[in-house]
Amino acid sequence: MSTGPDLSSERLILFTDAVIAITITLLALEIRPPEGAGGMSDAALGAALVALGPAVLAWLLSFAVVGGFWISHHRKFAFVPRVDGGLVLWNLLFLLAIGAVPFATALIARNPGPLATALYGGVMTAGAALLAAMWLHAGRAGLIDPALPVPARRLVLAGSLAVTGIFALSVPVALVLPDAAKFMWLLVLPVVLWRRQRTAALRGEAP
């Protein structure tokens with residue numbers, strides 16, 4: 001899937017960092033003061049702030065997931081010193097999924113029902129799956145640092161696939177039980193912690 005000579009991964013990482021930073025900024029812009037807050041009494045302002053709860057929770061969730069994607073991307077590319085055209089393409093597709101997060105977040109904040117929850121889960125599934133695809137391509141193209149042991153490489157891939165599976169399974173669940181799907185997303189945290197501990201045992205550090 002290579003489309004040209006191998007290049008340093010530095011510029012790709014910098015570009016990815018910039019897109020993710022913009023995405024997180026856009027997420028924060030969705031949290032706006034209540035309309036007419038300047039003329040409200042304390043009681044009315046308090047009620048209006050409480051009404052912002054769903055938007056704040058959606059922002060915190062998306063911030064955590066996008067931040068997790070960023071950490072995972074950096075840990076992977078610490079062992080990918082160069083990239084080829086195929087990896088650049090996979091990375092662009094990953095950024096396409098990241099770019100959809102603000103829309104999915106705004107939607108689920110306004111309507112936490114089945115369709116919006118399923119769409120949110122689908123966007124996160126795409127992001128996690130594309131991270132796994134990047135790592136898989138890097139391995140097949142010989143772009144991963146040979147110093148990283150094969151068991152550690154497989155464990156990194158397994159972690160990304162597990163996160164993908166959690167989000168993917170939440171999509172059909174969301175269409176029936178949207179609240180249950182949201183609780184499923186919490187399973188990502190123990191999976192990430194488990195993978196980091198196992199990788200640390202294999203290499204002394206978690207990629």
Margin query: Using the alpha carbons of segment 7-203, what is the convex hull volume per residue in cubic angstrom, as a whole number?
Written below: 120
Margin query: Based on alpha-carbon atoms only, what is the radius of gyration of segment 73-145 relative to the globular estimate 2.2 N^0.38 Å?
Written below: 1.31
Item checked: Value of relative contact order over segment 7-203, rounded to a whole percent, pairs C-alpha under 8 Å and six or more apart -> 22
Margin query: Treating only the Cβ of Lys, Arg, Asp and Glu as charged (+1, +1, -1, -1), what charge dipole size does segment 7-203 show about its Cα centre? Round to the nearest 20 debye.
Written below: 800
Next item on the list: Add +1 for every Lys or Arg and -1 for every Asp or Glu among the other residues with Cβ under 12 Å from the Cβ of F77, and state the total.
Entry: +1
Item checked: Long-range amide H partners of L7 with built H, under 5 Å -> V83, D84
Check: Can you run phi through the Karplus equation (6.51, -1.76, 1.60; θ = phi - 60°) for segment 67-76 and list ³J(HN,Hα) in whole Hz, with x for Gly and Pro?
Finding: x, x, 4, 5, 4, 4, 4, 5, 5, 5
Notebook entry, point to check: Which is farthest toward the positive dipole end of segment 84-207 among A109, A128, L89, measuring Cα position about the Cα centre, with Cβ charges +1 (Lys, Arg) and -1 (Asp, Glu)?
Noted result: A128
Notebook entry, point to check: Quick one: Karplus J couplings for segment 173-178, per residue in order, coefficients 6.51, -1.76, 1.60, θ = phi - 60°, nearest Hz, x for Gly and Pro?
Noted result: 5, 4, 5, 10, 10, x
Item checked: Estimated FRET transfer efficiency when R0 is 45 angstrom, pair D17-A43 (beta carbons, to 0.05) -> 0.55
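None of the figures in this text is laboratory data; all of them are computed from the coordinates on show. Keep in mind it's a predicted model, so treat the numbers as computed, not measured. With ideal geometry, Cβ positions are generated from the backbone for all residues, glycine too; neighbour counts draw on all protein chains shown.
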